[in-house]
Structures are given as structure tokens and as C-alpha cells.
Amino acid sequence: DVKNPSQQFNFGTLFEGRVILMGLIMGLIFMGMPAVGTFSPQYSREVGFSTAGVFLLMYSTGMIVSRFSIKRIFDNSNPQIAGLFALFFIGAGFALTGFVRNAFGLIAGGGLMGLGYGTANSTFTPLGWNLVEENKRGVCNSTFIFCQDVGIFVGMNLFGRVSQFYGSYAKANALYSIIVVVVIAIFLIFTVPDYRRKYAILTETSDNLPID
């Protein structure tokens, strides 16, 4: 094992406070992941497909497309463009799969969800890195992973209970699409201004460092 006696184990080595709001967005986004990985087979059967293969194919296609599109919309100093792109398509994907209970809803919704989640994965982590020093990126990553895991745990319970209550997996997707609207509001009202303020402070501090 490599030991660093100057680095003591404490709360600060597990969580980075400067990216908590960004982590909150990631956690809320990942609340929807159980609909992709766990409940997609049941949802697919509900709308007339024997397996989740078509849904997952469209989701994967959306993820691939996002890899080519993200570089065109990503801007460190203007994060709401890529962030809104991700959140809008996640919300639209869940709305289609939730309110349009047929093959079109599954195919189009799956593709939009893949596009949204692919963009989110490529956007929010780099934005978090922009708020911390290079030696804090590991702590930043652990904060995001923790928030994502909590989001998935909450989402599993939410989707499971709503589906059981209504007897429909599409109803759970519809409910989550409404939650995404709230997430977008949180992102615009709190996360984006917080990011801009902290990013400006960090870049200003870096510019003022003496050159050896």
C-alpha cells in the first residue's frame, strides 16, 4: 500500500463541498436510471414488446450520438447549454415513455433518454472538475459517485412503489418526467449561478498565482 502520512482520513477526503450542488443534480438525474437498467423489461412488455432489446438499442444509440454532439455544445464558462440539453432530453424521453404508451413512445423515448444521459455523463463531471484544483478531482469524483448511488437507491424505491401502486411502469416514467422539470428549475436557479461564481473565483485565483 502507498501511504501518505500528511493526508489524514476525514470527511474532506470523501466529499468536496464545492461540487455539492452539481452532485445534487447528478443524484436527481440518476434517480431515473432504474427505469433503464431494472424496469425496462417490464415496461417493454407493458407496451407490447417481448423484451427490452429495442428500448436498450435505442438508448445505446442515443448514448453514441451524444458522444459526437457534446463537444459542439459544451462550454466551461456557459454550462447551462449542455446541462439544459441533457436535462431536457432526459425529461422528454421519460415523458414519451410515460405518456405515450406504444411502440413510438418506447423507441423515441429510449433514444432521447440515451441522448440525455450520455450528455449528462460527459458534462457534469467535467464541470465539477472546473471548480476544484487538480489534486481534488478524485474527491470530486467520489462526491459525484456517492450522489449517483443515493439517487439510484431512491429511484429504485420510487419506481418500484409507484409501479406497484398504479399497476403500470409507464406511470412511474411519467411521474419522473415531472420531477425532471423540478430538476431543471433547481439547475437554473441554484446550480448555474453557483457554478459561475465558484468558477470565476478559481480562475481568478489561478491567474494571480506567481510564475516561477
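The values are calculated or read from the model by the stated rules, or taken from the named source; none is laboratory data. Keep in mind it's a predicted model, so treat the numbers as computed, not measured. Every residue, glycine as well, gets a Cβ built from its backbone with ideal geometry; the counts of neighbours run over all protein chains shown. Please note that ligands, DNA and RNA were not included when accessible areas were found on the heavy atoms of the full protein model with its side chains. Shrake-Rupley method; radii C 1.70, N 1.55, O 1.52, S 1.80 Å.
Leaving ligands and nucleic acids out of the surface, order 198, 71, 171 by accessible area at 1.4 Å, largest first.
Values: 198 40, 71 175, 171 95 Å².
In descending accessible area the options line up as 71, 171, 198.
Quickly rank 113-120, 29-36 as a protection proxy: mean count of other C-beta atoms within 10 Å, highest first. Show your work: numbers first, answer last.
Details: 113-120: 25.9, 29-36: 22.8.
In decreasing order of mean packing, 113-120, 29-36 become 113-120, 29-36.
Within the chain, which complete DSSP H helices have Cα atoms spanning at least 20 Å along the helix axis and a mean Kyte-Doolittle hydropathy of 1.6 or higher?
On the way: long enough: 53-73 (30 Å, 0.99); 80-99 (27 Å, 1.79); 103-129 (40 Å, 0.71); 137-166 (42 Å, 0.63); 169-186 (26 Å, 1.94); 192-207 (22 Å, -0.97).
The answer, listed by residue number, is 80-99, 169-186.
Hey, of (i) -0.73, -1.26; (ii) -0.65, -0.99; (iii) -0.56, -1.02, which did the structure itself give for log10 I(q)/I(0) by the Debye sum over Cα atoms at q = 0.11, 0.16 Å⁻¹ when calculated?
Structure-derived value, by its label: (iii).
Bin by bin, in steps of 5 Å, what percent of the Cα pairs in the range 87-212 do you find, going until the bin that has the longest distance?
2, 10, 14, 19, 17, 12, 9, 7, 4, 3, 2, 1, 0, 0
For 88, 187, give me the order by solvent-accessible area with a 1.4 Å probe, most accessible first, ignoring ligands, DNA and RNA.
Ranking 88, 187 by accessible area, largest first, yields 88, 187.
If we restrict to alpha carbons, what Rg and Dmax does the range 88-155 come to, in Å?
Rg then Dmax for the range 88-155, in Å: 15.4, 49.
For the chain, what is the charge dipole size about the Cα centre, in debye to the nearest 20, if Lys and Arg each add +1 at the Cβ and Asp and Glu each add -1 at the Cβ? Kindly include the intermediate steps, with their values, before the conclusion.
Details: 14 positive and 11 negative charges, 122 e Å.
Charge dipole, the chain, about its Cα centre: 580 debye, nearest 20.
Defining a contact as two alpha carbons under 8 Å apart and six or more residues distant in sequence, what relative contact order in percent does the range 105-212 show? List each step's numbers first, then the result.
Details: 24 pairs, mean separation 24.8, N = 108.
Contact order relative to length: 23 percent.
Given a Förster radius of 45 Å and the C-beta distance between residue 68 and residue 14 as r, what FRET efficiency does 1/(1 + (r/R0)^6) yield to the nearest 0.05?
Working: r = 35 Å, r/R0 = 0.77.
The pair residue 68/residue 14 has a calculated efficiency of 0.85.
Any chance you could run the full-extension gain for residue 189 through residue 134? It's 0.36 nm times the residue separation minus the Cα-Cα distance, nm to one decimal. Can you show the working numbers first?
Numbers: separation 55, 0.36 × 55 = 19.80 nm, distance 2.74 nm.
Contour length minus the Cα-Cα distance gives 17.1 nm.
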